[in-house]
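The structure under discussion appears below in the form of structure tokens.
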Amino acid sequence: MSDLVAQVLAGQRRAIARAISLVENDGAQAQATLAALHPHTGRAHVVGVTGPPGSGKSTLVNALALHFRRGDEEQMPRTVGILAVDPTSPFSGGAILGDRIRMRDLAGDAGIFIRSMASRGNLGGLAWATADAVKVLDAAGFDLVIVETVGAGQAEVDIARAAHTTVVVEVPGLGDDVQAIKAGILEIADVFAVNKADLEGVDHAVMALRMMLDLDTRTGQSVMHHGRLMEVAAGADAQPGAAPQSEEEQATAPWRPPIVKTVATRREGILELAAAILAHRAHLEESGMLARRQRARAAAELETIIQQESLRRVLARTDPGELETLLERIARRDLDPYAAAQELLGSPQTP
Amino acid sequence: MTDKKIRVLVAKPGLDGHDRGAKVIARALRDAGMEVVYTGIRQTPEMIAEAALQEDVDVIGMSILSGAHMALFPKVMELLRENGMDDVLVVAGGIIPDEDVPTLNEMGIEGIFGPGTPTETIVGFIRENVS
């Protein structure tokens, strides 16, 4: 075992920082390091926090981390690793990583480790190396790893594959109930946090989310009526005559994402948000979803590694001049890119 | 896909809240292709050293206008040494009188850039001196 791996497993902070740099820069030892860390991963609960720019993700992560560090009557204090991703400039390749500004309350705590990551051209809301950085923090023994994504709009859904529990942060005033049923980011939520809940329109935002969830389970409680969103009192859940669910049904019942109102700057609603995150973890374990998600994640990860490795191998054995010629022919419409790819990949017999 | 980027921590130690200069520098370094961890105002030396360690930066840039540099900079340098981070390039800016420069240089603060320094000078200095 390399010194670096041993030091990461012992929780040495400088080693953790260096290991993350190593996987970020995809250095020669990155694969070997990750391979050695792999058996020691899988213990941490990985929580994703995503939402639009300026919705208060960093402030929420700060408040959540403080809460988890302290623990409460029901929960043990937990150590927390944080990965905060900000966008890389498509023009200069540089980045301003500013999430630490909102996390200054966490300074000086040995049970916290914060690392900022630039997205480096990846478009799904994370950096290529985020999942590997999660592994480093997991292997280093952090109980909880919180991943804050790039400010995300509608389609940045990579976090759902990287996290066990995804918190989608919304704020009042962002859109109507049609926004809420569009595909994408709202679909990946395991928990909703409606932050800045002291702003006007918070009830409407909560209701729009609730309506979206109700459409999903066909128990409509909120309806659009003459262009106004109204709550209908007698929803299916509230009907006195509705048959109570059997115990088995309850055990296998799908998870309905709770909606928690928060004011992160005043730390309001944080207890409830933390409880919802832990309840989701418990649900994953009890329902067998955790094992299924781990397997799906392993499949996605293996696929990505194979893709990257195949690309690397093909490029490594291809003469740059030959590649240039192929590109030129594709650009001239002399050759199609599919045939070119087949040619580069070679027949199955070639090494 | 993954090149080694220069990572810079930009921090404002001390109690003055004027961070426009620090933001201008952060932006210039970003435009020069560097990854800038911006930590904001009122950072203690402990916070700066801790952030530099966790972020595994190559460079620390500190800006100070309050006059407390001779108290705060040595503390940062001491903490960096304790953490085994002597290899990090440390540069400073803000209001730093000429007579303090030799002492700071001796301490290991290699680049000191006062008001009016073109940002290209700072970018160039970092590119040349980062280990």
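The values are calculated or read from the model by the stated rules, or taken from the named source; none is laboratory data. The structure presented is a predicted model; accordingly, all values stated were derived computationally and were not measured. Here Cβ is always computed from backbone atoms with ideal geometry, including for glycine, and neighbour counts include all displayed protein chains.
With respect to the conditions (1) touching a helix residue (DSSP H, G or I) at 6+ places or on another chain (Cβ under 6 Å); (2) modelled with pLDDT under 95, A:Asn62 falls short on a single one, namely (2). If only residues of the range B:96-131 that are of a type outside the set (Gly, Ala, Ser) and in a loop (DSSP other than H, G, I, E, B) are counted, the one that is farthest from B:Arg27 (Cα to Cα) is B:Pro97.
Taken as a whole, the range B:47-56 holds no residue that is over 14 Å from A:Ser116 (Cα atoms) and either among the acidic types (Asp, Glu) or modelled with pLDDT under 85 (or both).
Scanning the range A:114-136 finds one or more residues that are at positive phi, crowded, with 17+ Cβ neighbours inside 10 Å and more than 13 Å from chain B (Cβ to nearest Cβ).
Sub-9 Å Cβ pairs linking a first residue in the range B:6-28 that is in contact (Cβ under 8 Å) with a residue 60 or more places away in the chain to a second residue that is of a type in the set (Phe, Trp, Tyr) and surrounded by fewer than 17 Cβ atoms within 10 Å (Cβ to Cβ), at least 6 apart or interchain, number zero.
Residues in the range A:81-94 that are of a type in the set (Gly, Ala, Ser) and at the interface with chain B (Cβ under 9 Å from one of its Cβ atoms): A:Ser89, A:Ser92, A:Gly93, A:Gly94.
When the range A:95-113 is examined, which residues are found to be modelled with pLDDT under 90 and more than 11 Å from chain B (Cβ to nearest Cβ)? Those that are modelled with pLDDT under 90 and more than 11 Å from chain B (Cβ to nearest Cβ): none in the range A:95-113.
Of everything in the range A:1-24 that is part of a loop (DSSP other than H, G, I, E, B) and surrounded by 15 or more Cβ atoms within 10 Å (Cβ to Cβ), the residue that is farthest from the other protein chains (Cβ to nearest Cβ) is A:Gly11. If you go through the range B:87-131 and keep only what is acidic (Asp, Glu) and surrounded by 12 or more Cβ atoms within 10 Å (Cβ to Cβ), you end up with B:Asp100, B:Glu110.
State whether the residues of the range A:93-102 include one that is β-branched (Val, Ile, Thr) and under 20 Å from A:Arg120 (Cβ atoms). Yes, the range A:93-102 has at least one match.
For every residue, the table says whether it meets (1) in the same structural domain as A:Leu186 (by TED's automatic domain parsing); (2) touching a Phe, Trp or Tyr at 6+ places or on another chain (Cβ under 9 Å); (3) in contact (Cβ under 8 Å) with a residue 40 or more places away in the chain.
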site: A:Asn25; (1), (2), (3): no, no, no
site: A:Gln31; (1), (2), (3): no, no, no
site: A:Val46; (1), (2), (3): yes, no, yes
site: A:Pro53; (1), (2), (3): yes, no, yes
site: A:Gly56; (1), (2), (3): yes, no, yes
site: A:Leu64; (1), (2), (3): yes, no, yes
site: A:His67; (1), (2), (3): yes, no, yes
site: A:Pro77; (1), (2), (3): yes, yes, no
site: A:Leu97; (1), (2), (3): yes, yes, no
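If you check B:Ala22, B:Ala68, B:Ala92 for being out of contact with any helix residue (DSSP H, G or I) (no Cβ under 8 Å at 6 or more places or on another chain) and within 20 Å of B:Val123 (Cβ to Cβ), only one passes: B:Ala22.
If you take the residues in the range A:264-273 that are in contact with a strand residue (DSSP E or B) (Cβ under 7 Å, 6 or more places away or on another chain) and in a helix (DSSP H, G or I), which one is farthest from A:Asp72 (Cα to Cα)? Talk me through it step by step, then tell me what you get.
As a first pass, look at the range A:264-273 and keep what is in contact with a strand residue (DSSP E or B) (Cβ under 7 Å, 6 or more places away or on another chain): A:269, A:272-273.
From what's left, in a helix (DSSP H, G or I): A:272-273.
Values: A:Glu272: 12, A:Leu273: 13 Å.
The residue in question is A:Leu273.
The strands (runs of 3 or more DSSP E) located wholly in the range B:1-95 that include 3 or more residues which are within 11 Å of another protein chain (Cβ to nearest Cβ) and more than 10 Å from the chain's Cα centre (by Cα) occupy B:35-38.
Return the only residue of A:Glu170, A:Glu156 being surrounded by 12 or more Cβ atoms within 10 Å (Cβ to Cβ), within 19 Å of A:Gly54 (Cβ to Cβ), out of contact with any Cys (no Cβ under 7 Å at 6 or more places or on another chain) and at pLDDT 85 or above.
A:Glu170
I want to confirm something. Restricting to the range A:25-56 and keeping residues that are among the small types (Gly, Ala, Ser) and buried (at least 18 other Cβ atoms within 10 Å of the Cβ), which single residue is nearest to A:Leu83 (Cα to Cα)?
Checked the range A:25-56; the qualifying residue nearest to A:Leu83 (Cα to Cα) is A:Gly48.
For the range A:111-127, the tally of residues that are in contact (Cβ under 8 Å) with a residue 60 or more places away in the chain and either of a type in the set (Gly, Ala, Ser) or outside the structural domain of A:Asp158 (by TED's automatic domain parsing) (or both) stands at 2.
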